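The values are calculated or read from the model by the stated rules, or taken from the named source; none is laboratory data. Computed from a predicted structure; not experimentally measured. Glycine gets a Cβ as well: all are built from the backbone with ideal geometry, and neighbour counts include every protein chain shown.
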């Protein structure tokens, strides 16, 4: 009789242990693996990410530009990768970029800022401008600025930009000829 009681306790303990192990495996999968299926679930190819860090170690090891060049060679003009659990999509196809940046721009807000989380506009001494704005702030700012960048207005800016770049090149040339150093970030 006593053996039956111990057997029942052992089977309950085994079931309880199996349930706990299953719950732990599920939680680990949910938080460590599942977030990295976002890009592939949308058909976006890219390098295999590691749990928690994504592709950050590869980026850190060879540098961001080299990492991107490698991925372009492997996956073509559209690919995705992860910085931590944050998905990033890189597009190098000019026609697709035109489509996104002109016709579908309203659908691509809240893009976020690349770099370490502590590298915010405020930390850099910048105001939170349109480049890093999100949500309604971004949408309002974009609608306010869009008329300033029409094709005609951009053409009108060309002479001013040319004049400014000519002055800059002249000044750089003067410093190059004299061998003098110049403070570029004043």
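The set of residues in the range 65-82 being surrounded by 13 or more Cβ atoms within 10 Å (Cβ to Cβ) and farther than 12 Å from residue 46 by Cβ consists of 77 alone. Filtering the range 11-65 to residues that are modelled with pLDDT under 90 and in contact with a helix residue (DSSP H, G or I) (Cβ under 6 Å, 6 or more places away or on another chain) leaves only 51. Looking at the range 15-96, the helices (runs of 4 or more DSSP H) lying wholly inside it that each contain 3 or more residues that are out of contact with any strand residue (DSSP E or B) (no Cβ under 6 Å at 6 or more places or on another chain) sit at 56-62, 64-75.
Can you say whether residue 102 is at pLDDT below 75 and either in a strand (DSSP E or B) or not assigned by TED's automatic domain parsing to the domain that holds residue 61 (or both), as far as the supplied structure shows? Can you show your working first?
Details: at pLDDT below 75: yes; either in a strand (DSSP E or B) or not assigned by TED's automatic domain parsing to the domain that holds residue 61 (or both): no.
The answer is no for residue 102.
Taking the condition farther than 23 Å from residue 102 by Cα and assigned to a helix (DSSP H, G or I), does residue 159 pass? Yes, satisfied.
So if I check each of 141, 135, 129, which one is at pLDDT below 85, within 21 Å of residue 101 (Cβ to Cβ), exposed (fewer than 10 other Cβ atoms within 10 Å of the Cβ) and not assigned by TED's automatic domain parsing to the domain that holds residue 182?
Criteria check complete, one pass: 135.
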